[in-house]
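Scroll down for the structure; my scribbles are underneath it.
Laboratory data are not the source of any read-out in this text; all were calculated from the coordinates shown. Note that this is a predicted model, so its numbers are computed, not measured. Note: ideal-geometry Cβ built from the backbone for every residue, glycine included; neighbour counts use all protein chains shown.
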Amino acid sequence: MTHDNGFDAEQVTRLRAEAREIVARYPQPRSALLPLLHLMQAEDGYVSPTGIAFCADELGLTTAEVSAVATFYTQYKRHPNGEYTVGVCTNTLCAVMGGDAIWDGLSEHLGVGHDETTDDGKVTLERIECNAACDYAPVVMVNWEFFDNQTPDSARATVDQLRAGEPVAPTRGADSVCTFKQMSRVLAGFSDGRADEGIGAGVATQRGTVLAKERGWAAPAFPADDAAPVTTAPAATATAAGATPVTGGEQSSAERPVTTPADASATTQTSTSKES
Ligand code: FES
């Protein structure tokens, strides 16, 4: 069934060509749904009813199936989003390091709550979960760019700059913050050529590795396993304790064959984990 979607002829032609480029990356057309939803956000600024119908038509799905996916993930917006999504991490570590105070300050300053947008359409404020940037807590994200070690004052200054249309740079990563639509296009799989701008892992992130190298620390060798192997495969015997790990060996989880009774028994694994 083809839906009467709201895109004009130029949009349909352009989006259809891009959608087919995305679909071609996957063995099954329906596997392209997630990037296609990002493409719809790049076009409309959210996953609109028009976007839902377009995805359904392109992938041979029902609109109910597309909606079920679009409503499951919080990165997909079902109402018009602001030009900048400002996410305040209020997960445990950021919260105790000041994330809750940043949230309270920004919410009051902007006059909006979670997933609400300022009247000028510039900022959508969100509480977000851990962004794997705990080493720089408390963290604020603007269109998924990192703003590390924030305070209520620094976060307020950032949103004021965004609303004033001034250029804003994250503390790490890209040289500047792009718009929600531009970011959505990248998430759809169309590179903006900026992936290598700035640094990803900063000093705090690499601190453990640097210390280990300076002091000559290394992970301890695996203890010899006394359990009799269930099967003996070449890959399983390739790593002696302390030797360089190899794919499929005892120190690798990749395609490792069953080598001990614990590998093959859910009961053994459960009782082992309870004991530890
Ligand atoms: S708890 Fe905020 S980034 Fe991990």
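With the highest mean first, a sort of the peptides 135-146, 90-101 on other beta-carbon atoms found within 10 angstrom per residue produces 135-146, 90-101. Packing, taken as the mean count of other beta carbons within 10 Å per residue, orders the peptides 171-182, 189-200 from highest to lowest as 171-182, 189-200. Counting every Cα pair in the range 84-187, what percent are over 16 Å apart? So the pairs more than 16 Å apart make up 51 percent of the total in the range 84-187.
Here's how it looks for Val123: its modeled amide H is under 5 Å from those of Glu83, Tyr84, Thr118, which are all 5 or more places away or on a different chain.
Reported to the nearest whole Å, the Cα centre-to-centre distance from the range 23-43 to the range 152-205 is 24.
Computed from backbone phi with θ = phi - 60° and the Karplus coefficients 6.51, -1.76 and 1.60, the 3J(HN,Hα) list for the range 208-217 is x, 5, 4, 4, 4, 5, 4, 9, x, 7 Hz; x is used for glycine and proline.
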